[in-house]
């Protein structure tokens, strides 16, 4: 019961924050709204008993990505001019609404095979075993490391003064 | 009313649609990047919800969500570096005015 109440509070605040990202005129306030949305997503992970992912969400999204975005906003000085919509506002709204409708109809009409077993309580050790253990995801982990390194080098090369 | 898989899926569909609208309808490149982050978060919620309700013992969805977060971090770093480079050259990040590569 408490889980249901928490879900509805998190869901409502998350959707309102996401709408704030899209609708607020001030870019800086939109970024703060985005951070609130990230926090609510971390709460949703907790209601899904994904404790490790909730911590990762707060560390990476709320901690790092939001700082990067705010830094970019400060360096591009677009705060006053705001975020006006372009000419495609109405078609974009229609496309998003149609996409949502198709998605929701498909979701409701699909018979999902819900498992009856309860979820693992602390997930960190299990995730580590799957990621680094025998027959696990060790090759994707190495590739992710290479991807991060190339992203760092690419960002430095792109952003530095000539 | 008990909490089910459909609640999370519809919630993430809503979040994804809001992000889609923002990507299609906004001029500011930073806002578009923020909306892409919203869409990636929606996909992550879907993955974790499937992991919780369909394969609770395997955690495969959570592993995929971790990789999505890694790629999102790389994407936002490179994307913001590109936006800063464009801003240095054009003094503007309005995506309707960035048409250097149009012929």
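Just so it is clear, none of the values below were taken in a lab; they were calculated from the coordinates. Remember, it's a predicted structure, so these values are computed and weren't measured experimentally. So basically every Cβ, Gly included, is an ideal-geometry build from the backbone, and we count neighbours across all protein chains shown.
The table below lists the values:
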item: Order of B:102, B:97, B:26 - criterion: other Cβ atoms within 10 Å of each residue's Cβ, fewest first; result: B:102, B:97, B:26
item: Max mean-square fluctuation residue, GNM over chain A, Cα-Cα springs under 10 Å, options A:149, A:131, A:32; result: A:149
item: Size-normalised alpha-carbon gyration radius of the protein assembly as shown, reference 2.2 N^0.38 Å; result: 1.05
item: Chain A: relative contact order in percent, alpha carbon pairs under 8 Å with at least 6 residues between; result: 19 percent
item: Order of A:14, A:40, B:34 under a 10 Å beta carbon neighbour criterion, fewest first; result: A:40, A:14, B:34
item: Alpha-carbon centroids, region A:49-108 and region B:63-103: separation in whole Å; result: 14 Å
item: Highest-MSF residue in chain B out of B:52, B:88, B:27 [GNM, Cα springs under 10 Å]; result: B:88
item: Dimensions in Å of region B:17-103 - Rg and Dmax from alpha carbons; result: 16.5, 54
item: log10 of Debye I(q)/I(0), alpha-carbon scatterers only, for region A:1-83 at 0.16, 0.23, 0.26 Å⁻¹; result: -0.64, -1.03, -1.17
item: Cα gyration tensor of region A:122-162 - equivalent ellipsoid semi-axes, whole Å, descending; result: 32, 11, 4
item: Residue exposure sequence - A:37, B:35 - by fewest surrounding Cβ within 10 Å; result: B:35, A:37
item: Cα long-axis angle, helix B:60-90 against chain B (0 to 90 degrees, to the nearest 10); result: 10 degrees
item: Full-stretch length increase - residue A:94, residue A:5 - with 0.36 nm per residue and alpha-carbon distance subtracted; result: 28.9 nm
item: Cubic angstrom per residue, convex hull over Cα atoms of region A:61-131; result: 196 Å³
item: Mean separation of Cα contacts under 8 Å (6+ apart) over length of chain B, as relative contact order %; result: 28 percent
item: Dimensionless Rg ratio for region B:7-47, taking C-alpha atoms and the 2.2 N^0.38 Å reference; result: 1.12
